[in-house]
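Following: one structure in structure tokens, then a few remarks.
The values are calculated or read from the model by the stated rules, or taken from the named source; none is laboratory data. Not measured: the values here are computed from a predicted model. Here Cβ is always computed from backbone atoms with ideal geometry, including for glycine, and neighbour counts include all displayed protein chains. Surface areas here come from the heavy atoms of the whole protein model, side chains and all, with no ligands, DNA or RNA. Shrake-Rupley method; radii C 1.70, N 1.55, O 1.52, S 1.80 Å.
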Amino acid sequence: MKNIYQAFIIFASLLCTGCSDFLSEYSQDMIVAKQVSDLDEVLLGDVYLPSREIAHGAGISTGGFLNILDDDINTAVSLNVTESQKSLCWRYCIAPLFGYYAWQLEVGRNYQDTGVMDDATTWNDLYHRINIANMILHEIEDLPHEMQQDYLDYLRVTGEAYFTRAQFYFMLANLYGDAYSPKSCDTKLAVPLKLSYYVEHDKENDTQFQRATLREVYDQIVSDLLEAEDRLTKSPQKEDNRLHRASLEAVDLLLSRVYLYKQDYENAEKKADAVVKSTNVILSTLGSLNPDTPFLTRDNREIIFSQGSNYLAPTEMLAGEAADYCVTQELYDMYDPINDHRATTFFRRLAGETDSIGLTNKYQRGNNIQSHVSDVFMLRKAEAYLNKAEACAMQSGKEAEANNMLNEIRRNRIAGYINQIYSGEELVTQIRNERRKELCFEGHRWFDLRRYAVCEKYPYSRDIVHVLNVHDDDNRNIYLLTMRYLLPAGDPAYTFQIPKSILEFDRVPMQDNLRQPRPAIKDDIAYTNITGK
């Protein structure tokens, strides 16, 4: 079995390396899988994103920049840093990720302008895994699955392959394509759709792949998830595999999110409702937890699925200490500081030197922690309530159910909560605010801001200001100055440029997304806005 697995991985690696990970050549002679269980091992080892320990200076993980783009994060500073308050975050987190945090043209360029990280890591890794999922879906059809257990394994493995491919394309489409609008989805471009198991590389062609439209990519995502739903209904996920492998609830929750982004509110409600009603996962009651105990751990029964690393928690990059990232005052002020358990469970204000707010207990913290709960690719039941609430609020005659979902979330989060009734745009605003509070730093806010801006019924957009408190690279205890970066509402920088290495692969590059240079504004007074007010 080990030799079979290793040989298949060699085959997969040949497919997925080179200038562009979805174009390289390979040999079909190395396919040696004999049974469904062989491909199940490949699925687990090379399609699902692994949960890795990430230490300072380890580089950015796949999608690991997503939570430093939005309006919930800023940087902290202190004029009097003691030895015990030293932070590695400036040198190994903030300075290297400056291009993402400040929405620069070259997102990989560090603050000192001494180096540029590869901006294709997420693109290449996700297409690498999509390719292996494509191969599994092709090769598995030729493997024996006439016996009942083999057939059930076949359904489960193919269901998981469809799910992962859909989740990866959803991430790619929302990073490198504009937000989905029913009015423009037929003309707006997303990413190339690579669904075949073979390489389509032709050295004679000037261009190998063209970007598909948003409608085409979203239609494929929905199609994949419906296939996954059908197969995982017939062959449910084993209970002990639920955290790191796709289940029916994971499929339905992701489907509800995709429909919500498409503004298909009827289907979004239907799929979210299935997750709300599922007894396999439960909505946590924060009031029953010790405020010093991390909330999102592998033992939390609210978590439906997670794959990939957690970039925020293990490095303590959101601790709020000097030269670290911190939570914005605006976000923190949205919570009832006395009765909302999230205010005391998720955050801590560092009184004294910085007076900044850290994300201290939403995830496990500390260097070299393998949290098993991703800050980007996690799905949990609370989102189902919020998805259903929003979908109902956008439909005529369903405001009562939208209020029910909103109140249910709040009752499990706020001590002594009394149900509230909202209507119209105020109801939608309350749901959006609750979504921001509940799902902060879980990879939602940046994408939510994008889709709110193209929402047909109640559009919403805003400027974002990121404050960069600059520290000395050689002595991180020395604060230098404060810079500000503005991302105006509707700016093209809400969509990433296609990675440079991908564009350079073809003689005639695929069409890119246009962005503008993002200059800094030096504050008139240093040491300002340290908590992001």
So, in the range 208-226, how many residues would count as being under 14 Å from Ala179 (Cα atoms) and β-branched (Val, Ile, Thr)?
2
Working carefully through the options Ala313, Ala272, find the one that is over 19 Å from Thr164 (Cβ atoms) and either in a loop (DSSP other than H, G, I, E, B) or of a type in the set (S, T, N, Q) (or both).
Ala313
Looking at Ala400 and the list (1) surrounded by fewer than 18 Cβ atoms within 10 Å (Cβ to Cβ); (2) in contact (Cβ under 8 Å) with a residue 12 or more places away in the chain; (3) out of contact with any Leu (no Cβ under 9 Å at 6 or more places or on another chain), which single condition is not satisfied?
(2)
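Report the residue count in the range 302-340 for those that are among the polar types (S, T, N, Q) and closer than 23 Å to Val465 by Cα. If you could, list the steps in order and put the result at the bottom.
So the first thing to find is which residues in the range 302-340 are among the polar types (S, T, N, Q), and the list is 306-307, 309-310, 315, 328-329, 339.
Subsequent filtering for residues that are closer than 23 Å to Val465 by Cα retains 328-329.
Here the count works out to 2.
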Given Trp123, Trp90, which one is modelled with pLDDT under 90, aromatic (Phe, Trp, Tyr) and part of a helix (DSSP H, G or I)?
Trp90
Condition met for Asp336 (of a type in the set (D, E, K, R), open to solvent by 30 Å² or more (accessible area, probe 1.4 Å), out of contact with any Gly (no Cβ under 7 Å at 6 or more places or on another chain) and modelled with pLDDT under 90)
no
Test for Leu105: is it within 30 Å of Pro488 (Cα to Cα) and open to solvent by 50 Å² or more (accessible area, probe 1.4 Å):
yes
Just checking, does the range 369-383 include any residue being open to solvent by 30 Å² or more (accessible area, probe 1.4 Å), under 17 Å from the mean Cα position of the chain (by Cα) and of a type outside the set (Phe, Trp, Tyr)?
yes
In the range 108-132, residue surrounded by the fewest Cβ atoms within 10 Å (Cβ to Cβ) [restricted to those that are in contact (Cβ under 8 Å) with a residue 60 or more places away in the chain and hydrophobic (A, V, I, L, M, F, W, C)]:
Ala120
Within the range 182-228, residues among the acidic types (Asp, Glu) and touching a residue at least 40 places away in the same chain (Cβ under 8 Å) come out as Glu200, Asp206, Asp224, Glu227
Please determine, by comparing only the residues of the range 295-333 that are open to solvent by 10 Å² or more (accessible area, probe 1.4 Å) and acidic (Asp, Glu), which one is nearest to Leu481 (Cα to Cα).
Glu321
Can you find, within the range 180-225, the residue that is most open to solvent (accessible area, probe 1.4 Å) among those that are in contact with a strand residue (DSSP E or B) (Cβ under 8 Å, 6 or more places away or on another chain) and in a loop (DSSP other than H, G, I, E, B)?
Thr187
Give all pairs with beta carbons closer than 6 Å in which a residue from the range 166-181 that is closer than 15 Å to Leu225 by Cβ meets a residue that is small (Gly, Ala, Ser) and open to solvent by 10 Å² or more (accessible area, probe 1.4 Å); count only pairs at least 6 apart in sequence or on separate chains.
none
